[in-house]
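For reference, the structure is listed below as structure tokens.
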Amino acid sequence: LAQQRLLIKGGKVVNDDLSVVADVYVEDGVVQQVGPNLNPEPPTGLVVLDATNKLVIPGGIDTHTHMQFPFMGSRSKDDFYTGSKAAIAGGTTMIIDFAIPQKGCSLIEAFDTWKSWADPKVCCDYALHVAVTWWSNKVKEEMKSLVQNKGVNSFKMFMAYKDLYMVNDEELYAAFSCCKELGAIAQVHAENGELIAQGAKKMLAMGITGPEGHELCRPEEVEAEATQRAITIANAVNCPLFVVHVMSKSAARVISNARREGKMVYGEPIAASLGTDGTNYWNKDWAHAAAYVMGPPLRPDPSTPGFLMNLLANDDLSVTGTDNCTFDICQKALGKDDFTKIPNGVNGVEDRMSVIWEKGVYSGKMDENRFVAVTSTNAAKIFNLYPKKGRIAVGSDADIVIWDPKATRTISAKTHHQANNFNIFEGMVCHGVPVATVSRGKVVYEGGAFNVTAGEGKYVSRPPFPPYVYKRVRQREQICQPVPVKRAPYTGMVAGASITPK
């Protein structure tokens, strides 16, 4: 692929720590210069993008997607082509998807399967988290091989989906211990799967079969309890923990409190939990209500999105993903008579950046620098992609978005690029629009038009032991180990051990 020489002129370059008016010169897919009034030679063959009165930001990193995911009797509509193309249109230049083996199956085979789906289709860079759905010595060996040979540095454990993906506390302890040894990030889907299973039976027995039953059988304390339990287990083995899709105020408070106690935990709210709420489950239109079904569910407390955004703005929560896992209404209708059969998942990969700008920056809760941190930089640091990703600086990958903070767009299924016939943010007016998206130095989206082909994105290996996370782990390992008390041996009498039978 012939690399473009690219000059982005006149914009304000926004990183997580600093904003400065500067030009950005790109060659061979890498940022070569950042500074005022750049005039790279020769001028022939140079593509120039005018960013006057606009922001020049690092491309978004979506930490949580499920493209073409076989799940709950169906497969998610967005494959790696439509999903990554939608990402680019929304200002995201990298996605991290999940390779998820069935219980008893090989983690390496799951990784290879997902990679074989992605490589010929993906339009932006991507990486893969791998799920641990069961435990054995084989799983431990495969985790080691994935870290050392396949560029994986994150593993996800499900505390929900009983009999499908769920692992118990003993397995969590073993998986967290292995993650720490390997220098990986442990991730959890934090919900109490046992309570959900019992709650679902109870709701169905009461004749509640519609989408509202989904939220009623997994209320937010079920999420908060599992979040607390995961943090406790991870802290016991000194393993950094990443809680995916934080959906409720109570789970967010658990994470916030743990961070203030010095525990190494990162919370990931998603576009859905920041941009809409669970009152939709009580909508009289079944299709509308079912469209919002995801696990954990959105919360019916309408103050939840604002609360989560406040915590995200102030570093109690750290990064944002989408859990983009789209099922159309026909697929959702698999559960028309039983909410437990509605495929779980919503859209968001195209909407995340605009929703967070609208609800975070435009609302005055966060500034442009924090926006860059929570949509890109923090993810790059946690998953050891920084500073190649998540920053605009000399030597960084040229994953760049020209962002117009004054422009608006109205989110709608009629105009989005996600492969779905509804959008959970339908009708939301967003200030803040990506005008152009640059991936590895190539302008792949500009003014509503794509210039990208399937397979142009690359798989990105992530080395273990990300310094942003593991510097603290290593130090604690050295100085926080318990030691025995030195004391003189006891030399007194010892009670007899024999017990006289009655």
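Listed by position, the helices (runs of 4 or more DSSP H) contained in segment 182-237 that have at least 2 residues being surrounded by fewer than 18 Cβ atoms within 10 Å (Cβ to Cβ) are 193-205, 220-236.
Residue-wise test of (1) within 20 Å of the chain's Cα centre (by Cα); (2) among the acidic types (D, E); (3) buried (at least 16 other Cβ atoms within 10 Å of the Cβ); (4) assigned to a strand (DSSP E or B).
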residue	(1), (2), (3), (4)
D16	yes, yes, yes, no
V20	no, no, no, yes
V31	no, no, yes, yes
P42	no, no, no, no
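Cβ separations smaller than 8 Å between residues 6+ apart or across chains give the following pairs from segment 100-124 residues that are within 23 Å of Y81 (Cβ to Cβ) to residues that are at pLDDT 95 or above and exposed (fewer than 14 other Cβ atoms within 10 Å of the Cβ): C123/T453. The residues on offer are S256, S250, and the sole one that is among the hydroxyl-bearing types (S, T, Y), touching a residue at least 40 places away in the same chain (Cβ under 8 Å) and either in a helix (DSSP H, G or I) or buried (at least 18 other Cβ atoms within 10 Å of the Cβ) (or both) is S256.
In segment 437-466, the residues that are within 27 Å of I185 (Cβ to Cβ) reach residues that are surrounded by fewer than 15 Cβ atoms within 10 Å (Cβ to Cβ) and not charged (D, E, K, R) with C-beta atoms within less than 9 angstrom, at least six apart or across chains, in these pairs: R440/L1; R440/Q3; P464/Q148.
Name the residues in segment 284-306 that are open to solvent by 10 Å² or more (accessible area, probe 1.4 Å), in a loop (DSSP other than H, G, I, E, B) and under 20 Å from R352 (Cα atoms), would you? Give the steps one after another, and end with the answer.
As a first pass, look at segment 284-306 and keep what is open to solvent by 10 Å² or more (accessible area, probe 1.4 Å): 284-288, 292, 300-303, 305-306.
Next, only the ones that are in a loop (DSSP other than H, G, I, E, B) stay: 284-285, 292, 300-303.
The answer is Y292, P302, S303.
Scanning segment 428-479 for residues that are under 22 Å from the mean Cα position of the chain (by Cα) and either among the hydroxyl-bearing types (S, T, Y) or open to solvent by 50 Å² or more (accessible area, probe 1.4 Å) (or both) returns T437, S439, R440, K458, Y459, S461, P463, F465, P467, Y468, Y470. The one condition from (1) under 18 Å from G91 (Cα atoms); (2) among the hydrophobic types (A, V, I, L, M, F, W, C); (3) in a loop (DSSP other than H, G, I, E, B) that L38 does not meet is (1). As a summary of the residue check, S412 satisfies the conditions (1) small (G, A, S); (2) assigned to a loop (DSSP other than H, G, I, E, B); (3) within 20 Å of P58 (Cβ to Cβ); (4) open to solvent by less than 30 Å² (accessible area, probe 1.4 Å) except for the one numbered (3). Does A89 qualify as being open to solvent by less than 50 Å² (accessible area, probe 1.4 Å), more than 18 Å from E268 (Cβ to Cβ) and either at pLDDT 95 or above or among the hydroxyl-bearing types (S, T, Y) (or both)? So A89 fits the description; yes.
The values are calculated or read from the model by the stated rules, or taken from the named source; none is laboratory data. Please read all numbers here as calculations on a predicted model, not as lab measurements. FYI the Cβ positions are ideal-geometry reconstructions off the backbone, even for glycines, and counts take in every protein chain you see. The accessibility values were calculated without ligands, DNA or RNA, using every heavy atom of the protein model including side chains. Shrake-Rupley method; radii C 1.70, N 1.55, O 1.52, S 1.80 Å.
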